[in-house]
Every structure is written in structure tokens, then in C-alpha cells.
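Here the structure is laid out as C-alpha cells; the discussion comes afterwards.
Read the figures in this text as sums done on the coordinates, not as results from a lab. Since this is a predicted model, take the numbers as computed values, not measurements. Glycine also receives a Cβ, built like all others from the backbone with ideal geometry; neighbour counts cover every protein chain displayed.
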Amino acid sequence: MRERNYFLLGVVIFITLITAWIDQPNNPGLDLGPFKRDIRVHEGLDLQGGLQVLLEADTPDCQTVTEESMQAAKAIVENRINGLGVAEPLIQRLGKCRIIVQLPGIANPDDAIRTFGGTGLLEFIDAGDAGLNEGQKVATTGLSTVVVPGQPTPTPLPATATPLPSPTATITASANITTTAPISPTVGTFRTVLTGKYLRSASVAFSQTTNQPYIQFSFDDDGGKIFADYTSRNVGKFLAITMDKTVISSPVIRSAITGGSGIIEGRFTLEEANRLVVQLKYGSLPIPLKVLGSSAIGPTLGRDSVQKSIVAGAVGLIIVMLFMLLYYRLPGFLADLALIIYSLIVFAIYKFGIPPFFSFVTLTLPGIAGFILSVGLAVDANILIFERMKEELRAGRTLVLAIETGFARAWPSIRDSNSSTLITCAILFWFGTNFGASIVAGFALTLAIGVLVSLFTAITVTRTFLRLVIDLGITENMWLFGVERKKA
């Protein structure tokens, strides 16, 4: 038993050190080659302000825009923003054909606007016997031109191009497609072999030799058949890749690709590759959107209000710790230590997240309220345990037996009360995410994290400390455990 207690103490100390490192101000973050993590506090719009962007349907007549297409565009914009790692954005319809987007302080507003404002239409086009330059604008048919059973046969248009030297990126699948001779600007309308709607997945990977990012992708069954049929019929010809009618790569087909997957290589930065993957994963907008304007917005709460809220939370935490210390004495002191560890763990989760479930928690004023409420729940569990312990000590139980019995008998009440809180959090989170109430979802998330961590600190950390006090023979004075008589 003693060895087990020492092991648990080592685990607690290790977790405390790791979380204290994460919690330190101006944390440099992690940079382990492909794995990079920015470790900082992410504040919401109400605490730090951010960027406001007004989007409008880029159509000749607003009356032709349907309600369904605008709702779909809003959903895709929201998915793309979440893919950027921007939590708790505010995205609302404004009139019939406008969308207003508010983002809490983001690192690069221009990149964000390009990601969620662009149409995001990926096309693989037949460039014929020549090729196209990166960055060149082209016209396309926009329809698949390879017949798949059960699908209509499109009407292809000829591709025209004139070769001149220019390097370009490559798309490969087991080195089946590679860059060849120089390519030059062209004019004409190019037939679309297949579009991004056939994509099954897309992700960023890194070259083992150059450590440069590239994009992995795979098609669904229909897309794989189209890709295999086209590459088998057009060996030696160019297959250009475009995003929103702009060429991002123009490789030549070396052999048939039947696996239904490939990679897009090029002179990408990591940010550019991530932006492209976000657009590929969440599909193309049903209607093009244009940016009417953008502006910085201040926090919806004044800085003075935020400071007062933080002070109120700190004062409340101190009062709770003093109460535990004065009323429960030694167990209360150990509970205060567990409460400090609890605060370190929760704040570290806010900054670092819980991979792969979420990357960080955006702190808003309701989120801070959820954290403070969870502190009370953490103390509530300790109170139930300590009162049970005092009952056992008054009944004449030994200190060791009183501690173990107190935890065992308090556990059903702790389990049931925390389970009901977690169920409420799940309902609030579902409501917040499905009805656009991100503040409600943020409150539910912070409260749920606090409840789960409080279970660990109340049941594991506090009990480990109490067991070590007994193992080390520090005291058996019943007064220190809140009982006014000594053990017989």
C-alpha cells in the first residue's frame, strides 16, 4: 500500500510540474518538427475583441439567391473558421444575402478572410499536351468529363495551351505523376475531369527528406473510378489542379493511378497548406462570397469589467480555501493543496486542450463563471468526504479506517451529483453548438472540464495526501481532523 501511495504521489507531482510549465506566462510553446503547438490563453470576443468581416453573395441580383444556398454558405463558412482553430466565433445572417463574421483576436486576418471567403472549388482539369502556370486564372467546364455508370455524360470542351518554361508543383501517387517540361500561360476553356466533391479526405503531411509540407488526399469510390479511368487514357498529358479557377499545380501523367489517392506538392508554407486543406475538407461554397469590408472590434466587455470579474473569482477562491482550512483543519489544508493542483490542471487544459478532442478552450466571461462554479463543486466533494470521515472518527474508528470508509461512503453521492451536472453540461453544449449559442457551449465546456478534473483531485489527490500523512506517522491528533477528542 505504501509503495502504491508513493507511486500516486509521483504521478501527482509529475502532473503538477507539467501543468505548471504549461500555465507559465509567455509560454514559448512546443516546436517538435512537424508537431507545433502555440500555448497561450485564447480569449473570446467579450474579453479581447477581434475582427469583423461582412460577406455578401457575389451575384448580379440578390433576389436570385435562395435561402437554402445562404444557409449552406453560412454553415460552410463556420466549418472553415472552426478548421482554422478559431473558437467561439460569432456568425450571423444579415438580410437576405449577407453574412457577418466576428472572430476573436486571430493571428493573420488576411489569411482567415482568404480561407472562409473563397469559394473553395477544387478542380482537376484536362490541360492537354501542354500545361499551365501556377497562379494562372482559367475558365473550366465545371463538370466531370469521365463517364461513370449511373452518372450523366457531360459535354467536354477542348483545352488549348502553349508550352513555355516554368516550374510547377507536382501531384503524385507512388510517383505516377510528375512534373516535366516547362509550362507557360495559356488561354481557353478547359474541361473538368473531376471536382472536390469527390474528395473523401485531405490532410497536411511532411516530406521525410525536406520536411516541407504537402497535401495528402483521397477520393471516394466514384472519384477513384473517374481518376483511374482518366489517368489510364491520358498517359503523357497534363492534368492541372485549380482552386477557385486559379492553377495551383500542373503535372504530367506518367502512368495510370488506380488507388484513388495522391498528394499535392508545391512551394507551400505550413499556413498555406493548412488553409488549402480546410477549404478542401469542408467543400466549396454553393455561391461565391465577396468581402464588403472588415474592421477591428473592441471587447464587448470593458477591460475594467474583466479585471473586476477576475478579482471577484480570486477573492472567492481565497475565501473557500480559508473556510476549508479553518473548519476541516489538516484535511482542509490538504484539500487546499489539491484545489491548487486542480486550478493548475484546469488552466493548462484551457491553454493546451485535450488532443485529439479539442486544441484549446476560448475563455469568455461565461467560461470564467463555469470555472469558478466548478471550484465550488470540487470543494463540495471534499466536504462530503470529510464529514463522513468525522462521523467514523466519532464512532471510534481508527484513523486509517475512517479515511477509507469516508471516501467509500461519500463516493455514491459524489458520483450521482457530478453525473447530473455532466448531463446538464452535455445538454447545454449540444444546444449551444446546434443553435449558434457559442457562449452557452463555452460555459458548458468549462464547467464539464472542471467537474471531471475535480473528481480526480478530490478522489485521487486528496486521498493520496491523507494516506501519506498516516503512512509517515505525522500525526494522530484527532483535533487536527476536526474531532474534539483524542483517539482511545
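Quick look at the numbers
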| item | result |
| --- | --- |
| Ascending count of other beta-carbon atoms within 10 Å, so fewest first, for 326, 365, 45 | 326, 365, 45 |
| Cα-based shape type of the range 50-116, given that a ≥ b ≥ c are square roots of the gyration tensor eigenvalues and the cut on a/c is 1.5 | prolate |
| For 103, 30, 393, order by how many other beta-carbon atoms lie within 10 Å, fewest first | 30, 393, 103 |
| Set of lysines near residue 308 by C-alpha distance (under 25 Å), chain-local residues within fewer than 8 positions excluded | 351 |
| Length added when fully stretched, residue 110-residue 310, from 0.36 nm per residue minus Cα-Cα | 68.7 nm |
| Alpha carbon centroid spacing (whole Å) that separates the range 286-300 from the range 428-476 | 38 |
| Sorted peptide list for 73-82, 4-13, criterion being average Cβ within 10 angstrom, highest first | 73-82, 4-13 |
| Cross-link reach list, lysines versus residue 390, counting only Cα pairs under 28 Å and skipping chain neighbours closer than eight places | 486, 487 |
| Residue-span extension gain [residue 189 to residue 434] - 0.36 nm each, minus C-alpha spacing | 84.0 nm |
| Amide H contacts of residue 200 (H built 1.01 Å from N, under 5 Å, at least 5 apart or other chain) | 218, 219, 220 |
| Of 74/281; 74/290; 237/281, pairs whose Cα-Cα distance is over 19 Å | 237/281 |
| Under 5 Å, built H, 5+ apart or other chain: amide partners of residue 44 | 363, 364 |
| Neighbour net charge for residue 327 - beta-carbon separation under 12 angstrom, K R +1, D E -1 | 0 |
| Packing-based order for 125-137, 287-299, using average beta carbon neighbours within 10 Å, highest first | 125-137, 287-299 |
| Per-residue ³J(HN,Hα) for the range 209-223, Karplus 6.51 cos²θ - 1.76 cosθ + 1.60, θ = phi - 60°, Hz, x for Gly and Pro | 8, 9, 6, 8, x, 9, 10, 8, 8, 9, 9, 6, 4, 5, x |
| Neighbourhood net charge (11 Å Cβ-Cβ; Lys/Arg +1, Asp/Glu -1) for residue 249 | -1 |
| Relative contact order of the range 50-116, pairs being alpha-carbon contacts under 8 Å that are 6 or more residues apart, as % | 47 |
| Distance histogram in 5 Å bins (all Cα pairs of the range 361-488, percent per bin) | 2, 11, 18, 18, 14, 11, 9, 7, 6, 3, 2, 0, 0 |
